[in-house]
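The values are calculated or read from the model by the stated rules, or taken from the named source; none is laboratory data. Bear in mind that the values here come from a model prediction, so they are computed numbers and not experimental data. Note that we place each Cβ from the backbone using ideal geometry, even for glycine, and neighbour counts take in every protein chain shown.
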Amino acid sequence: MKLAASVLAADFAHLARDVQRVEAMVDLLHLDVMDGHFVPNLTFGPPVANALRPHTRLPFAIHLMIERPVRYAPVFRVGAEDSITIHVEATDPVEKALRAIRALGCKAGISFRPGTPLERVFPFLDRVDLVLVMSVEPGFGGQAFLPEALERIRALRREIGSRPVEIAVDGGIGPANVRSVVEAGADVIVAGSAIFGKGDPAAAALELWTRAGRTKRS
């Protein structure tokens with residue numbers, strides 16, 4: 001298991017501070033980029049993500065909930081340990097977007113809305129490093145976990161088989177359900193409110209590891 005802290009739930013006025021508070025307890029930073037069109041919300045774009053880069057050693061998992069990933073993905077400063085994930089429902093053709101991401105030298109991922117048939121991502125499993133399962137409707141943090149996501153994770157795990165593709169799960173994950181998500185087949189747990197929404201974010205992250213029955217690798 002890997003744990004990704006979603007900065008959508010952090011204090012935007014003190015992003016570097018909040019990230020550094022949890023840096024020792026998580027493996028990745030999850031950055032939700034929203035354009036106000038693909039989802040009904042605006043968050044931040046490349047300038048904020050790139051400004052955060054010098055303040056942490058953690059890899060970035062950039063989740064593009066935007067219509068035009070081909071245009072905006074190249075503006076992010078990324079390296080080999082980072083990833084950029086696009087949506088199968090985006091306006092840009094998926095294969096074109098994945099090629100644009102690969103050209104940056106980082107990992108490529110694909111995601112889909114809870115109501116999108118899982119089979120839509122199957123043709124791209126040989127072209128990605130990760131699949132991000134949304135366990136809430138994308139657009140806003142703090143939503144309740146959709147229990148039907150567990151079966152989608154299991155089905156995706158069966159379809160992936162021996163491919164070197166990770167399953168990340170994002171939305172509504174906390175101490176009460178993190179173990180069931182991991183047991184269903186998740187490799188990466190994305191948590192926002194369950195970490196940054198607590199008085200001691202580092203302790204909250206540690207609780208997620210404990211409840212998942214896992215130990216953070218150094």
Task: Which listed residue is within 20 Å of V88 (Cβ to Cβ), part of a helix (DSSP H, G or I) and either touching a residue at least 24 places away in the same chain (Cβ under 8 Å) or among the hydroxyl-bearing types (S, T, Y) (or both), from A186, A155, A168 - done: A155
TODO: Considering every residue within region 128-137, establish whether at least one is among the hydrophobic types (A, V, I, L, M, F, W, C), more than 17 Å from A186 (Cβ to Cβ) and modelled with pLDDT of 95 or more.
DONE: no
Task: Sole residue being surrounded by 19 or more Cβ atoms within 10 Å (Cβ to Cβ), outside any helix (DSSP H, G or I) and aromatic (F, W, Y), chosen from F140, F145 - done: F145
Task: Considering residues of region 24-47 that are exposed (fewer than 15 other Cβ atoms within 10 Å of the Cβ) and not in a loop (DSSP other than H, G, I, E, B) only, the residue modelled with the lowest pLDDT - done: L42
TODO: Determine if region 52-65 includes at least one residue that is over 18 Å from V26 (Cα atoms) and either at pLDDT below 95 or surrounded by 15 or more Cβ atoms within 10 Å (Cβ to Cβ) (or both).
DONE: yes
Open item on the list: Of the conditions (1) in contact with a strand residue (DSSP E or B) (Cβ under 7 Å, 6 or more places away or on another chain); (2) under 21 Å from P164 (Cβ atoms), A103 satisfies every one except a single condition; which number is it?
Closed with: (1)
Task: Which numbered condition L8 misses (of (1) in a helix (DSSP H, G or I); (2) out of contact with any strand residue (DSSP E or B) (no Cβ under 6 Å at 6 or more places or on another chain)) - done: (2)
Task: Options V88, V94, V78, V33: the member that is touching a Lys or Arg at 6+ places or on another chain (Cβ under 6 Å) and under 21 Å from V128 (Cβ atoms) - done: V88
